1. With +1 on each Lys and Arg Cβ and -1 on each Asp and Glu Cβ, and nothing else charged, work out how big the dipole of the stretch B:138-273 is about its Cα centre, in Debye to the nearest 20.
2. How many nanometers, to one decimal and shortest first, lie between the label point of A:H103 and those of its other copies, if labels sit 7 Å from Cα toward Cβ?
3. Dipole size in debye (nearest 20) for the protein assembly as shown around its Cα centre, Lys and Arg Cβ +1, Asp and Glu Cβ -1?
4. Report, to the nearest 10°, how far helix B:227-244 tilts away from the longest principal axis of the Cα atoms in chain B, using its own Cα long axis and a range of 0 to 90°.
5. Along Cα-to-Cβ, 7 Å out, sits the label point; list in nm, shortest first, how far the one on B:R218 is from those in the other copies.
6. Could you grab the relative contact order for the stretch B:29-149? Cα pairs under 8 Å, six or more apart, rounded to a whole percent.
7. Where does helix B:89-101 land angle-wise versus the long Cα axis of chain B, in degrees 0 to 90, nearest 10?
8. I want the local charge near A:P191. Using Cβ-Cβ distances under 10 Å, sum +1 for each Lys or Arg and -1 for each Asp or Glu among the other residues.
2 protein chains.
Amino acid sequence: MKRTVFFMSDGTGITAEALGNALLTQFEGIEFERVVLPYIDTIKKAETTIERINKTFEADGQRPIIFDTIVNKEIRAIIRTSNGFPIDIFETFLSPLERELGHKSSYTVGTSHSISEENSYKGRIDAVHFALENDDGIRTKNYHKADIILIGVSRCGKTPTCIYMALQFGLCAANYPITEEDMRDGMITLPKFLKENKHKLFGLTINAENLSNIRNERRANSRYSSLAQCEMEVDLVEELFIKEGIPYINSTYFSIEEISAKILNITGIERKN
Amino acid sequence: MKRTVFFMSDGTGITAEALGNALLTQFEGIEFERVVLPYIDTIKKAETTIERINKTFEADGQRPIIFDTIVNKEIRAIIRTSNGFPIDIFETFLSPLERELGHKSSYTVGTSHSISEENSYKGRIDAVHFALENDDGIRTKNYHKADIILIGVSRCGKTPTCIYMALQFGLCAANYPITEEDMRDGMITLPKFLKENKHKLFGLTINAENLSNIRNERRANSRYSSLAQCEMEVDLVEELFIKEGIPYINSTYFSIEEISAKILNITGIERKN
């Protein structure tokens, strides 16, 4: 069973897509063919879109589902004349919100992903640059400026998590890979620049087998990617987290979105965005 | 006028937040105090949350707005007993979707931001690593693997845009900064490795004055950040885009989310996520 789904907006379409996908994941067993149509912001484009929806209806033999956040009433009215099944996100919620807030909505297009709050946007972009410049231990002298410093073995998910936290929450997230070089007398000790920022440290760990698979894609059949080496490193690092009382989570079964949300939840760090 | 808004979920809360913010931007002139509460996934947490909502109600003298994507019916029922104004995203749309699809929803928590589709998730993470490894022209030998190559003057927004496209769409996005070193006889010529991948090139430009401000934050009062230098570089690069027929947009007034959506819209590149 296949259903075509259109996500549609006169802006970027990001919200329509996020909401639509969240709802669609509730229907297992149905295969969805997804089409994202941003910037449907003229009557001409709306008419072309209707043609496309109606053609899809004929081809599928079933109404395409339409998630839209089109703000312009005229364009929305045109889309409503198609043979799709509309989930009109704005229509549904704006009227009750208007009543509750005692305020008319401005019906302006797509400000939720624009540079409407310039300082907060600039903060996110600066945070992305911070994450890149302080990735993978390449610099350790800026840790006093970091909001959070992720530590863990190489390839356990630190880099993409830092980038996500920067992009989404505007947080200055650095990360430092724990390696054998940080080992003294058979156990890992925190280097000085991490000790000085201990309250900012958060640990990531990962199942050794998954780590070995990930590393094998980079350097196949090396000591670095062997299961024995991965097990040893993971054991040592988890021991360190426990000994030093550093909060940590296992990243194996979580996406970077989930890891980031969990980190904020556990540490109580306030997002800046 | 201030209203407190709670975004709430038994998952990450990303969808509740995206939808809520999209709706709230429609109400200019109201100041919203935002609270994101992910992982409200036990009755105990739901009860603590109600206390918080009710205290906020007393402090504000007005009902807090609640956007939630809580899937668990029992937890949702508890939240409904609070003194907040609920926007129940799932309740509102799941029933009509169930009827249209002829399928019961599974009422499972938070799969839309999890690693539910492992290949697509892995593709996004690989794309993030690709973006980092092919950022800022540091490597040019992998351009045959790129889905898109952004070009433009230094600090016009290439890096964060590439990272966003990787993270969100799973696209392998490289970027190359055009500098004076690419100039021959008073005009920019495309280096060989870009010429060979010309169909993948997309240009970013920026207003010279804004560029000068951005560069000044990095290297104040340098030739690099002077308005004259910025104007010269921007002129040359725009000339190049036009001469070579490279599609481009001006990034000055757009967020990276908007720039990315526009790039996909203009080029027709299919997202991989």
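Readers should treat all values here as calculations from the given coordinates under stated rules, not as data from a laboratory. The structure presented is a predicted model; accordingly, all values stated were derived computationally and were not measured. Using ideal geometry, Cβ is built from the backbone for each residue, glycine included, and neighbour counts are taken over all protein chains shown.
1. Result for the stretch B:138-273 is approximately 600 debye, rounded to the nearest 20.
2. 3.9
3. 260 debye
4. For helix B:227-244, the angle is close to 90 degrees.
5. 2.6
6. Relative contact order here is 19 percent.
7. Approximately 80 degrees, to the nearest ten.
8. On the way: positive: A:K192, A:K195; negative: A:E181, A:D182, A:E196.
Taking every Cβ under 10 Å from that of A:P191, the sum is -1.
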